[in-house]
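Visitor: Just dropping this structure here.
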Amino acid sequence: MSIRTEAEGLNDKLVTYRRHFHMYPELGFQEFETSKFIQEKLKELGLEPKVIAKTGIIADILGEKGSGKTLMIRADIDALPVTEANQTEYKSKNEGVSHACGHDSHITCLLSAAELLVKHKSDFKGRIRLLFQPAEEGPGGAVPMIKEGALGDPNHPDVDAALALHVTNGAPVGMIGVTDGLLTASADEFYVTVKGKGGHGSAPHEAIDPVYIAAQLTVSVQGYLTRTIDPTQHVVFTVGKLVGGERQNVISETARMEATLRTHDREVRKKLKDELPKFFNQLAKSFGGSAETEIITGYDVGINDKHLNDLIREAHKKLYPEYGYEDLKGIMGAEDFFEFSLEGKIPSSMFWLFGENKEKGFTSPNHSNYFDYDEKALPIGTTILVQTALDYLNE
C-alpha cells in the first residue's frame, strides 16, 4: 500500500482535525488549547511531546533501521487577528481571530504525517523531529524554540535538515509549488519618530513641521533605495503607517512613521539597517528637525535547499502523477521557519501546497478574511511530508 493510499485512508480524521483547529484559533503564544490538543494526539501515538517556548511542542520518532540523520518537520500553530467573513459550519468561534493563513492545515498535515511515520518507523533509519511552533504571525516563535533547545545546541545542532509546507490558493488543488534558492524575504520593522517644533497652523514659518518632514522621508526613501542599492537586488521599504498631529490648525511637535523593510540579501539587509536611520535623521535635520529610528529585527531571508526540493518534487511526481507542479520565483513575504536554518547551516525547504477550487469559491489569498481552501489538499500535504521524510532518511 502506498503512502498516498494510507494518507487518503485518514481523510475523515484530517477533515475533523482541520475543522477543530479552524473553529478554535488562538493568537501567538496564546495557543494553549491548540497545544493541549496536539499533545494529546501525540501521546495517543505513543510519543513523548515536550513543551517549550510556552506553547511550542517537539516530539521525536526514532527509526528502527538504525542510527542516521535527523529531519525536523515543522508546522506553525497560531492564527491571525482577523475576523472571518465566511459562513461555514466550521467558522471560527473565537471572535476576531481566524486561521486566515492556513496554519490549521499545517498542524493537521503534520499530526497525520506523525501517525504514518510512527506506523512506518521500521522502514527508516535516523530520527524525525516533529515541531509545532507558536507565534509565526508575530512576534516569532522560532527563535524562542531554538533558544530552548529545539535544535539541541545551536552551535552544534542535532538536526540535519528541516522541512515544512505552506497551504495557499493561486493554483488548483493537487498541485504543489517548489522554489529553489531564495523563497522568502527578511522582514524588519522600522519605527521613526520625527521631532520638530509645535506652532499655529497659520504660522508654519515659526514652527518646524514634523508632519511635513515625515512626508518627505516617506517619499525620499524610495529614491534613496534606487540610487544606493544595486537594482538587481530585491528590496521593498513600505511605509504602512504615518501619524502626526491632533488638530487641523495645529502644528504638532512629533510625527511617527512605521514601515517594513524586506530584502533577499543578508548584506543588503545589514547595510540598510545601518544606513537608513542616518539618512532619515540627516534629511530631517535639513528641515530643522530630527528623526530617531527604532528597528525591530524580524525574520531571516528564506533559502530553500535544492536537494530537499528534488526529493519533494520526486515524491509528488511519483505519488500524484496526474497533477503538475510549479517551479516558482521567490516572494517578498517572510517566514520564520527559516530561522531554523541557522543562516544556512541546516538545509531547509518549504513547499507550497495549493488548495484553490474555483467551483467551490476557494480563491482568496492568505490573510484575507475570506481565506479558505479545498480540504482535498490535506492528504496530499501529508503524503508529501511522509514520502519526502522516508526518502531523505533512507538515502
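The values are calculated or read from the model by the stated rules, or taken from the named source; none is laboratory data. Keep in mind that this is a model prediction, so the values were computed, not measured. No Cβ is skipped: glycine too gets one built from the backbone with ideal geometry, and neighbour counts run over all protein chains shown.
Visitor: So which of Gly96, Gly63 ends up being on the phi > 0 side of the Ramachandran plot and more than 19 Å from the chain's Cα centre (by Cα)?
Guide: Gly96
Visitor: Please give the strands (runs of 3 or more DSSP E) falling wholly within region 154-221 in which 2 or more residues are in the same structural domain as Met350 (by TED's automatic domain parsing) and either touching a Pro at 6+ places or on another chain (Cβ under 9 Å) or free of Cβ contacts under 8 Å to residues at least 60 places away in the same chain (or both).
Guide: 161-172
Visitor: So if I check each of Ile58, Ile77, Ile73, Ile38, which one is among the aliphatic types (A, V, I, L, M), touching an Asp or Glu at 6+ places or on another chain (Cβ under 6 Å) and surrounded by 17 or more Cβ atoms within 10 Å (Cβ to Cβ)?
Guide: Checking each option against the conditions leaves just Ile77.
Visitor: Check region 31-38 and report whether any residue there is under 23 Å from the mean Cα position of the chain (by Cα), in a strand (DSSP E or B) and of a type in the set (Phe, Trp, Tyr).
Guide: Checking region 31-38: not a single residue is under 23 Å from the mean Cα position of the chain (by Cα), in a strand (DSSP E or B) and of a type in the set (Phe, Trp, Tyr).
Visitor: Now a separate question. Only residues that are closer than 23 Å to Leu378 by Cβ, surrounded by 19 or more Cβ atoms within 10 Å (Cβ to Cβ) and touching a strand residue (DSSP E or B) at 6+ places or on another chain (Cβ under 8 Å): list them for region 112-140, please.
Guide: If the condition is that a residue be closer than 23 Å to Leu378 by Cβ, surrounded by 19 or more Cβ atoms within 10 Å (Cβ to Cβ) and touching a strand residue (DSSP E or B) at 6+ places or on another chain (Cβ under 8 Å), then Ala113, Ala114, Leu117, Ile128, Arg129, Leu130, Leu131, Phe132, Gln133, Pro134, Glu136, Glu137 are the ones that fit.
Visitor: Next question. Can you tell me which residue in region 193-219 is surrounded by the fewest Cβ atoms within 10 Å (Cβ to Cβ), limited to those that are under 30 Å from Lys273 (Cβ atoms) and among the hydroxyl-bearing types (Ser, Thr, Tyr)?
Guide: Ranking the qualifying residues of region 193-219, first place goes to Thr218.
Visitor: Return the residue satisfying two criteria in turn: it lies in region 196-218 and is more than 29 Å from the chain's Cα centre (by Cα) and among the β-branched types (Val, Ile, Thr), and of such residues it is farthest from Arg256 (Cα to Cα).
Guide: The extreme case among them is Ile208.
Visitor: Taking only region 168-192 into account, find how many residues are surrounded by fewer than 17 Cβ atoms within 10 Å (Cβ to Cβ) and under 25 Å from Ser290 (Cα atoms).
Guide: 2
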